[in-house]
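The values are calculated or read from the model by the stated rules, or taken from the named source; none is laboratory data. No experiment lies behind these values; they were computed from the predicted model shown. Cβ: placed from backbone, ideal geometry, glycine included. Neighbour counts: every protein chain shown. For accessibility, only protein heavy atoms count, side chains too; no ligands or nucleic acids. Shrake-Rupley method; radii C 1.70, N 1.55, O 1.52, S 1.80 Å.
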Amino acid sequence: MNSNRPARKQWRCATNLVHGGTHRSTFDENCEGLYLTSGFTYSSAEQQEATFTGDVDHFQYTRFGSPTVAMFEERMAMIEDADYCFATATGMAAINLALMALLKYGDRVVASRALFGSSVFILNEILPRFGIETVLVDGTDLNQWAEALGRPTQCVLLETPSNPTLEIVDLKAVCELAHSTGARVIVDNVFATPILQKPMQFDADIVVYSTTKYVDGQGRTMGGAVLLNDDKLANDAVLPYFRNTGPAMSPFNAWIQLKGLETMAMRVHRHSENATLVARFLENLKGITRVNYPGLERHPQHSLAMAQMKSGGPMLSFEVAGGKKNAFAFENALRLVTICNNLGDSKSLCTHPATTTHAKICEAQRAQLGITEGLLRLSIGLEDPEDIKEDLAAAAKTVLG
Ligand SMILES: Cc1ncc(COP(=O)(O)O)c(C=O)c1O
């Protein structure tokens, strides 16, 4: 057994979430084994040599691959319907791995500007240092995509729905434009999760996750994943970068996240149902000037969202009248919902993107993205939605009257 091998695909998604990739040791354990070891032993020097030449399938070193992580990778690949999965230490390590494996000096990246703050940092600060040009477009505007992709481009990066303003990118149309210029499309699918959206069905080439979020699902461990189907890209570009630069997920985190996957579908559907109820409630709450939630009919891209996703998803954001002062007062008045910049937890979490996840982006860019001083992001948890609504209503009453 080795990591990163093409996955088996014999079951339906719900079954894959529970059983996919499980390999039992000779002890016949029922729960997936947790293998904490840096290295692996060989019965002979010859076996060791054959392992390094690739003639023998045997684990070598946990930076390259290990049994618990391999089970996690295989399960993720089965869920995404991908041939390859590379599990990483964090979501950012996954995004960095995908970009670095694809790009070289002189290349060009086109990306939607509504991205997680650290992704913007990689595009704007790191890639240009290596002679890579980055162009940011309004991801909701197909004319801007078409214009930017009118020149030779190697890579497209996008998030849909985006963090934190829940913008939707037309996956099919952008993949078509990108492929016509030879670019490969990387989709950060964190907000939708593989339960609600499968970007490869719309021709995306690579899907990346922060598995810290809905895969773990209970705010315990960090992780990431890069998923793809292209043999050459996986074996000649991603694998060597992965093995030699060391972004691998730890076996312990993989073990926790294997357990997270078992309940992911149930959790994500419940998160999304709760988010829909809360979004509808916020729409009618005094002092809330805007609600960003793709499941709402009044979201400007509602029909596109519903064509790409099974439901509105677990995340939303909203604007409190009165700017930062009132947004902070609103957060401080919450009693059930916790102030926390993580997302994808069973507990409802609230953050102020302008001073946290998107604080490093300049003010003008934030304004362009709709990340105002009054904007709050909510990761809707698994609590009773009535309790979440009551908490938000009480905070709104305290702050906004
Ligand atoms: C959309 C999105 N992509 C990537 C990341 C980065 O994930 P991680 O914190 O696991 O590195 C985050 C983190 O919040 C995110 O929201």
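Between Lys286 and Asp203, what is the label-to-label distance in nm when each label sits 7 Å out along the Cα-to-Cβ direction?
5.1 nm
Calculated FRET efficiency, Ser180 and Phe52, Cβ-Cβ r, R0 45 Å, to nearest 0.05?
0.65
Could you give P(r) for region 260-401, binned at 5 Å from zero, as whole percent values over all Cα-Cα pairs?
All Cα pairs considered, the percentages come to 2, 10, 20, 23, 21, 15, 7, 2, 0.
Could you give the distance between the Cα centres of region 87-117 and region 163-237, to the whole Å?
What the calculation gives is 11 Å, centre to centre.
Once Rh for region 46-140 is found with the Kirkwood sum over Cα pairs, what is the Stokes-Einstein diffusion coefficient at 37 °C and 0.692 mPa s, in µm²/s?
Roughly 206 µm²/s, to the nearest whole number.
Multiply the residue gap between Tyr42 and Ala14 by 0.36 nm, knock off their C-alpha separation, and tell me the result in nm, one decimal place.
Stretched fully, the Tyr42-Ala14 segment lengthens by 6.4 nm.
Per-residue HN-Hα couplings for region 204-220, Karplus 6.51 cos²θ - 1.76 cosθ + 1.60 at θ = phi - 60°, whole Hz, x for Gly and Pro?
Per-residue couplings from phi come out as 4, 8, 9, 10, 10, 10, 8, 7, 3, 8, 7, 6, 4, x, 10, x, 9 Hz.
State the extension gain, in nm to one decimal, for the chain segment bounded by Glu262 and Ser303, taking 0.36 nm per residue of separation less the distance between their alpha-carbons.
Additional length available on full extension: 11.7 nm.
Can you list residues whose amide H is under 5 Å from Leu157's amide H, if they're 5+ apart or on another chain and H is modeled 1.01 Å from N?
For Leu157, whose amide H was placed from the backbone, the distant partners under 5 Å are Val110, Ala111, Ser112, Ile186.
Going by average Cβ density within 10 Å per residue, which order do the peptides 22-32, 220-230 take, highest to lowest?
My ranking of the peptides, most packed first, is 220-230, 22-32.
Over region 182-242, how many percent of alpha carbon pairs lie in each 5 Å bin up to the one with the longest distance?
In whole percents, the pair-distance histogram is 4, 17, 25, 22, 17, 12, 3, 0.
Give the percent of DSSP beta bridges with both residues in the chain that are antiparallel, rounded to the nearest 5.
55 percent
Within straight cross-link reach of Lys347, meaning Cα distance under 21 Å, which lysines are found once same-chain residues fewer than 8 apart are removed?
Straight-line reach from Lys347, under 21 Å: Lys213, Lys259, Lys389.
How are the alpha carbon pair distances in the chain distributed across 20 Å bins from zero to the largest one, expressed in percent?
The calculated distribution, bin by bin, is 28, 55, 16, 1.
State the Cα centre-to-centre distance between region 240-304 and region 326-350 in whole Å.
Using only Cα atoms, the two centres lie 15 Å from each other.
So which GluC sites (Glu not before Pro) in region 279-365 are both in a DSSP loop and have at most 13 other Cβ atoms within 10 Å of their Cβ?
Here the sparse-neighbourhood loop sites are Glu297.
Take the solvent-accessible surface of the protein heavy atoms, probe 1.4 Å, and return the percent of it on the chain that carbon and sulfur atoms account for.
It is 52 percent, rounded to a whole number.
What order do Met266, Met306, Met78 take when sorted by accessible area (1.4 Å probe), most exposed first?
Sorted by accessible area, descending: Met266, Met306, Met78.
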